[in-house]
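Each reported figure results from applying straightforward, stated rules to the coordinates on display, with no laboratory input. Treat the numbers as computed from the prediction; the structure is a model and nothing was measured. FYI the Cβ positions are ideal-geometry reconstructions off the backbone, even for glycines, and counts take in every protein chain you see.
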Amino acid sequence: MITIATKVKEVREQVKAWKKAGLTVGFVPTMGYLHEGHQSLIKRAVEENDKVVVSIFVNPMQFGPTEDLDSYPRDLEKDSALCEATGANLIFHPEPEEMYTDGFCSYVDMSVLTEELCGLSRPVHFRGVCTVVSKLFHIVTPDRAYFGQKDAQQLAIIKRMVLDLNMDIEIVGCPIVREADGLAKSSRNTYLSPEERKAALILSQTIQLAEQLLQSGEKDAATIISQMTKKIESEPLARIDYIKIVDAMTMQQIPTIDRPILCAMAVYIGKTRLIDNTMFE
Ligand code: AMP
């Protein structure tokens, strides 16, 4: 059985022993309820490192007061089976009190990259992400850490944080894993009713439309966004939070496709907020 550590001390001791033996450590931070998207990160980490740590922690700090912290799906038994079957060596599953001890008041805050896209509708989100990922990096001290392109803004932010704060960790981005019909895999897809699940297809279909426009040489961001907006609006259950085209490094909006870009969106299907994106070099 794979070991599940709940204490920071246990993780530190295990990783120290591995490093003393000259082994490399890969790390996959998650909020659990693992699916093939998470699994693809774990697989890659297993391929590229001697030992792999997966953290499963629904981080309260990255949820706003009206968001889904309490209802976020959890299944530690299934998650540990998936981690073990995929070749991970240790799960770190702390209680919130282990991560945020009494009197906690230190944060990792970033400007610019966090102020666009999801940062606008989720104002405390990225401060919570940067703080918890920094803490996890200090606890696990991995050689490499794996993040999904599914959360493209998060990936760009973590890369920037590691650069800005001189963290000696290689950040590896991994492609979006999708359901057979195109919907990006997400733990939040479980919130969708059968009717909403069908409607949710509009996200990946709209991303495909953007990819076609980009590949055909369309250079005007407003034209692409307007066509994407029309497409989403054709689905009665969908409500747009944002559709934007930004510089892939800085996350700042750009009018013309003249550099590597991220085309990203957040769309509500009923009450469930889903995200999807595509990169274009
Ligand atoms: P989460 O548990 O949602 O915080 O996600 C943990 C990690 O898995 C993040 O780096 C996500 O970007 C990544 N991830 C989630 N869904 C997918 C997916 N469908 N494809 C690739 N990576 C994913």
What order do you get for 53-60, 168-175 when each peptide is scored by the mean count of other beta carbon atoms within 10 Å, highest first? 53-60, 168-175
So between residue 48 and residue 111, what do we pick up on full extension, going 0.36 nm a residue minus the alpha carbon distance? 19.5 nm
Computed over the stretch 187-276, the distribution of all Cα-Cα distances in 10 Å bins, rounded to whole %, is 17, 48, 27, 8, 0
If you place +1 on the Cβ of every Lys and Arg, -1 on the Cβ of every Asp and Glu, and leave all else neutral, what size is the dipole of the stretch 187-276 about its Cα centre, to the nearest 20 Debye? 260 debye
Between residue 67 and residue 165, what is the label-point separation in nm under the 7 Å Cα-to-beta-carbon projection? 1.7 nm
What is the diffusion coefficient of the stretch 1-85 in µm²/s, taking the Kirkwood radius over Cα pairs and the Stokes-Einstein relation at 20 °C with a viscosity of 1.002 mPa s? 151 µm²/s
Listed pairs 135/271; 150/198; 19/159 exceeding 26 Å between Cα atoms: 135/271
Using a cut-off of 21 Å between alpha-carbon atoms, which lysines can reach residue 20, once sequence neighbours fewer than 8 places away in the same chain are excluded? 7, 9, 51
Take every Cα-Cα pair in the stretch 113-173 and report what % of them are more than 18 Å apart. 30 percent
May I ask for the distance between the Cα centers of the stretch 64-78 and the stretch 93-167, given as a whole number of Å? 18 Å
Magnitude of the charge dipole, the chain, Cβ model with Lys/Arg +1 and Asp/Glu -1, debye to 20: 200 debye
Mean ellipticity per residue at 222 nm, deg cm²/dmol - from DSSP H runs of n ≥ 4 across the chain, formula -39500 (n - 2.57): -11500 deg cm²/dmol
Leading residue at positive end of dipole, the chain (Cβ point charges), from 90, 187, 117: 90
Please give, to one decimal in nm, the separation of the simple spin-label points placed at residue 241 and residue 95, each 7 Å out from Cα toward the Cβ. 3.1 nm
Taking only the alpha-carbon positions of the chain as identical scatterers, the Debye log10 I(q)/I(0) at q = 0.09, 0.12 Å⁻¹ comes out as -0.43, -0.78
Charge dipole of the chain about the Cα centre (unit charges at C-beta), most positive-ward option of 1, 263, 163: 1
Across all Cα atoms of the stretch 1-142, Rg and the largest Cα-Cα distance (Dmax), in Å, are 15.5, 46
What are the trypsin sites (Lys or Arg not before Pro) within the stretch 27-78 that DSSP puts in a loop, where the Cβ has at most 15 other Cβ atoms within 10 Å? 74
In sequence order, what are the phi-derived ³J(HN,Hα) couplings for the stretch 154-168 according to the Karplus relation 6.51 cos²θ - 1.76 cosθ + 1.60 with θ = phi - 60°, rounded to whole Hz, with x for glycine and proline? 4, 4, 4, 5, 5, 4, 5, 4, 5, 5, 5, 9, 6, 7, 8
